[in-house]
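A quick write-up on the structure given underneath.
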Amino acid sequence: MAERASWSLGARLRNVFQARVIDEDTWDDLETALITADFGPDLTEEIVEHLQGEVERFRTTDPRDVQRMLREVIEERLSKYDPTLRLSERPAVVLVVGVNGVGKTTTIGKFARFLATYGRSVVVGAADTFRAAAVDQLATWAERAGAEVVRPEREGQDPAAVAFQTVERAKRDGIEIVLIDTAGRLQTKGGLMDELAKVRRVVEKQAPVAEVLLVLDATTGQNGLAQAQAFIEHAGVTGLVITKLDGSAKGGFVLNVQDRTGLPIKLIGQGEGINDLTGFTPHVFAQNLIG
Ligand code: GDP
């Protein structure tokens, strides 16, 4: 994880934590920093009140205690959800869903690489069959990651057929993990949800679906979440991937999004390179956020 991430509050709060004593400015500055980082008014108020209570309870006047307590409360909130990826089935089938542009295809390429570095064999299915460019992009990334690719036979082929063939290939060749890219055209929401349901039905004829990962773009924050609501309601999502954290000042979104959706964050993307995807570790995230 980048040491000076754009979403880090450490730099913005340095003056607060290095001040001599805790006073009114401590709380004002902290509140402003949390709001700016997209914690939202409710969570900001909750956190500030909690910290004020702790400061009183421990009778401390040292702002560094506020920093430590803030880090702890953030880690505690993030840890309420289990970030473990369930990939023990063979094959383990992962559907990757989300609105176009959030970083789905890139995430699959990075994820293939991530799994390959752990010695897993991977096949990627390009079931977003209406975007020829997306298919090419996915194939390029998958090849770089050392994964196999199943491409549609023609543009617009039934995505469920591609998904079926991908799982079939995994079973035939003993490939451990199947990653399936899916369409994200919001204009046809009803149709898209039906399409995803069909992909799932067809996959399940051969193997259970191990994970359905919803990709969300951190730079769009709460708006992006509203756009993705249909997936949460209809696609059987089991976990979240937060992308583009590198370009985002919205570290607080990461904190809010689990509570808003009830879903665990399982992966985070922090860059356009093939190695810029990591698992989600609350302790590391809290450390990087607060310093
Ligand atoms: P899709 O339409 O959801 O499949 O999105 P793409 O995978 O095509 O990605 C859309 C754009 O976002 C591309 O320009 C990617 O390089 C970029 N992108 C994806 N993930 C990240 C990330 O973690 N950080 C940054 N900075 N850019 C990203």
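The values are calculated or read from the model by the stated rules, or taken from the named source; none is laboratory data. Keep in mind the model is a prediction, meaning the values are calculated, not measured. Here the Cβ positions follow ideal geometry from the backbone for every residue, glycine too, while neighbour counts run over all protein chains shown.
Overview of values
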| read-out | value |
| --- | --- |
| Helices (runs of 4 or more DSSP H) (entirely within the range 47-148) containing at least 3 residues that are buried (at least 18 other Cβ atoms within 10 Å of the Cβ) and touching a residue at least 60 places away in the same chain (Cβ under 8 Å) | 63-78, 104-117 |
| Some residue of the range 263-272 being surrounded by fewer than 16 Cβ atoms within 10 Å (Cβ to Cβ) and closer than 18 Å to I180 by Cβ | no |
| Verdict on T278 being of a type in the set (S, T, N, Q) and surrounded by 20 or more Cβ atoms within 10 Å (Cβ to Cβ) | no |
| Test: A183 is closer than 27 Å to F280 by Cα, outside any loop (DSSP other than H, G, I, E, B), of a type outside the set (V, I, T) and within 16 Å of the ligand (Cβ to nearest atom) | no |
| Selection count where residues are among the acidic types (D, E) and crowded, with 21+ Cβ neighbours inside 10 Å, scope the range 202-241 | 1 |
| Search result, residues across the range 227-250 that are modelled with pLDDT under 95, away from the ligand (no atom under 16 Å from the Cβ) and not β-branched (V, I, T) | Q229, E233, H234, G236 |
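Table: residues versus (1) within 13 Å of the ligand (Cβ to nearest atom); (2) modelled with pLDDT under 90; (3) within 22 Å of V202 (Cβ to Cβ).
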residue	(1), (2), (3)
G103	yes, no, no
T117	no, no, no
R131	yes, yes, yes
A142	yes, no, yes
V149	no, no, yes
E155	no, yes, yes
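Let's see how each residue does on (1) of a type in the set (A, V, I, L, M); (2) more than 22 Å from N256 (Cα to Cα):
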{"site": "W7", "(1), (2)": "no, no"}
{"site": "R14", "(1), (2)": "no, yes"}
{"site": "I22", "(1), (2)": "yes, yes"}
{"site": "D28", "(1), (2)": "no, no"}
{"site": "E45", "(1), (2)": "no, no"}
{"site": "H50", "(1), (2)": "no, no"}
{"site": "D62", "(1), (2)": "no, yes"}
{"site": "I74", "(1), (2)": "yes, no"}
{"site": "L95", "(1), (2)": "yes, yes"}
